[in-house]
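Chemist: Here you go, one structure.
Values quoted throughout were computed directly from the atomic coordinates according to the rules given, and no laboratory measurement underlies them. Because the structure is predicted, anything quoted here is derived from the model rather than measured. In this analysis, Cβ positions are derived from the backbone assuming ideal geometry, glycine residues included, and neighbour counts consider all displayed protein chains.
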Amino acid sequence: MIVWISSYPKSGNTWVRGFIASLLYTNNGENNFSKLEKIKQFPTRKLFKNFVDNFQNINEVSKNWINVQNFINLDNKIKFLKTHHTNCSIGKFNFTDDENTIGVIHIVRDPRNVITSIKNHFSLENINDAKNFILNDKNWAGIVRDNKDKDKDYKVPTLISSWKINYLSWKNRTQNYMLVKYEDLIKNPNKEFLKISNYISKIMNIKFSENKILNAIKTSSFENMKNLEEKGLFNESVSTKNDEKVKFFNLGPKNDWKIYLNNEIIEEINLKFKNEMEELGYL
């Protein structure tokens, strides 16, 4: 059975994933990215290779979402998967179902701060491009648009959609659903990571030692993650078209939309996402 670690891009998914990996796959809880690969991303070519011939065919990929999950769950063990995909349907094919999913840890972040992080992560030319990215209901990642794309042999279509649709699609799952706000992780990491560890203990029926939890929390601080990346211990960084590394753990708590966004963008986001932002306490 799958516990999804779901989020819109640049919302703290890798941060939370690192903490969970340190709890589940280390002896002492130290988070140093060495076990990050234990929590795989979905979808990937590696997972779909026995089910799909054309990895760029959206219909072929979507009709095998459940088939791949059925295969993953043959061992009847609980596993965690990271995704930025919306919890959607394409035609008669659902992204997941109750037979394969046992829980969701859903991470959300103020969309105004997502904009500035998206601009940096994808090396976009201007802030308007980043704004349009999170407003796009038909936002597909993993599409090969150029044969010169250096990542073309790894990509699988992933429907990120808009910030709003992505949030609502996962919010509607009620079974073992846990909401984690990026801002709460920044303000009170001890409290929020303890909530996550309690959630995992309950859903997996296991108990972590207090020392392991405390060490996982300590070594999962944003500053420690940033320092580990600077030492070259983080291997999921992306590169620009000129093959320059883009900082993955960049501004973090220093990211302030009030500094980086103009009034026009702020007003548009506040209007388009008004209900959801009010619900989450962002307005």
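Chemist: Calculate for the chain the 222 nm mean residue ellipticity that helices alone would give, adding -39,500 (n - 2.57) per DSSP H run of length 4 or more and normalising by residue count, nearest 500 deg cm²/dmol. Before the final figure, lay out the partial values.
Modeler: On the way: 14 runs with 121 residues, N = 283.
Here the helix-only value at 222 nm equals -12000 deg cm²/dmol.
Chemist: Multiplying the sequence separation of Asn176 and Asp129 by 0.36 nm and subtracting their Cα-Cα distance, what value in nm do you get? Show your work: numbers first, answer last.
Modeler: Details: separation 47, 0.36 × 47 = 16.92 nm, distance 3.54 nm.
Going from the current span to full extension adds 13.4 nm.
Chemist: Here is the link list: Lys38/Lys119; Lys138/Lys207; Lys49/Lys181; Lys49/Lys187; Lys79/Lys138; Lys63/Lys274. Which ones come out longer than 31 Å on Cα distance?
Modeler: Lys138/Lys207; Lys49/Lys181; Lys49/Lys187; Lys63/Lys274
Chemist: Further question: Residues with beta-carbon under 15 Å from that of Gly29, excluding Gly29: net charge, scoring Lys, Arg +1 and Asp, Glu -1? Don't skip to the answer; put the middle values down first.
Modeler: Details: positive: Arg17, Lys35, Lys38, Lys207, Lys212, Lys218; negative: Glu30, Glu210.
Net local charge, Gly29 excluded: +4.
Chemist: Quick one: longest stretch of the chain between exposed loop trypsin sites (Lys or Arg not before Pro), exposed meaning at most 10 other C-beta atoms within 10 Å and loop per DSSP? Each step should come with its number before you reach the end.
Modeler: On the way: sites that count: Lys77, Lys92, Lys138, Arg145, Lys148, Lys150, Lys207, Lys231, Lys241.
With trypsin sites (Lys or Arg not before Pro) excluded where exposed in loops, the chain gives 1-76 as its longest stretch.
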